[in-house]
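Everything below concerns the one structure shown next.
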Amino acid sequence: MTEGQCRRHVFDLVANPLKSPRGRIKADPIAWMVSHAVGERIADDPLPSDAGPTGLVVASSIGPVTTQAQVRIQTDTGRLSPRLFAAASPGTLAAVACTVHGLHGPSLVFTSLGDQGMDILGPVVTRWLSSGCGRVVVACHEQTSPDRHVVTTTIQSNGMS
């Protein structure tokens, strides 16, 4: 796959319910979708071992809403799981993919970007590439219906991949 091409990863939660591939890691379903899409993408475009770290930028207009709803319910009962609370952070959308796939570059999550906010991603990627990243994976999540999600991924590099 050539640099800069977008790849769409479609998740239908009715046809294929998502489950955590690692039982001990508590994360929102959207974080697992992003992780799966990033994993497929980097497998398609391997990086030479001397190329530097891989950065990850994730954009989602809704964030980890399923887990945040669970936190609200548990808060009302007076018993809140620390693992669930941590999983409700928007940062988990990138953290899970970095942990599962061993990414050691910078990571950043943008939430509620909309059309105007997408202009921010280009300068971030350019800065990271000029600061030593071998490549940057960009993953944009959108919910297209209550049970259907799409994660679009692209990879930008300094021409090493």
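The values are calculated or read from the model by the stated rules, or taken from the named source; none is laboratory data. No experiment lies behind these values; they were computed from the predicted model shown. Glycine gets a Cβ as well: all are built from the backbone with ideal geometry, and neighbour counts include every protein chain shown. Just the protein is used for accessible areas: all its heavy atoms, side chains included, with ligands, DNA and RNA removed. Shrake-Rupley method; radii C 1.70, N 1.55, O 1.52, S 1.80 Å.
Note on segment 116-139: residues that are modelled with pLDDT of 90 or more and either in a strand (DSSP E or B) or closer than 22 Å to A31 by Cβ (or both) amount to 9.
On inspection, S112 fails the criterion of being open to solvent by 40 Å² or more (accessible area, probe 1.4 Å), among the polar types (S, T, N, Q) and at pLDDT 80 or above. Can you find even one residue in segment 86-102 that is open to solvent by 70 Å² or more (accessible area, probe 1.4 Å), at pLDDT 90 or above and not basic (K, R)? Yes, segment 86-102 contains at least one residue that is open to solvent by 70 Å² or more (accessible area, probe 1.4 Å), at pLDDT 90 or above and not basic (K, R). Set side by side, the residues R83, R79 differ, and just one is farther than 20 Å from S145 by Cα, without any contact (Cβ under 8 Å) to a residue 24 or more places away in the chain and charged (D, E, K, R), which is R79. The conditions of being open to solvent by less than 30 Å² (accessible area, probe 1.4 Å), at pLDDT 90 or above and under 28 Å from S145 (Cα atoms) are met by V34.
Within segment 45-53, at least one residue is within 20 Å of the chain's Cα centre (by Cα) and at pLDDT 90 or above. Screening V58 with (1) open to solvent by 40 Å² or more (accessible area, probe 1.4 Å); (2) part of a strand (DSSP E or B) gives one miss only, at (1). Would you check if there is a residue in segment 115-127 being closer than 21 Å to Q5 by Cα, of a type in the set (V, I, T), open to solvent by 60 Å² or more (accessible area, probe 1.4 Å) and over 11 Å from the mean Cα position of the chain (by Cα)? Yes.
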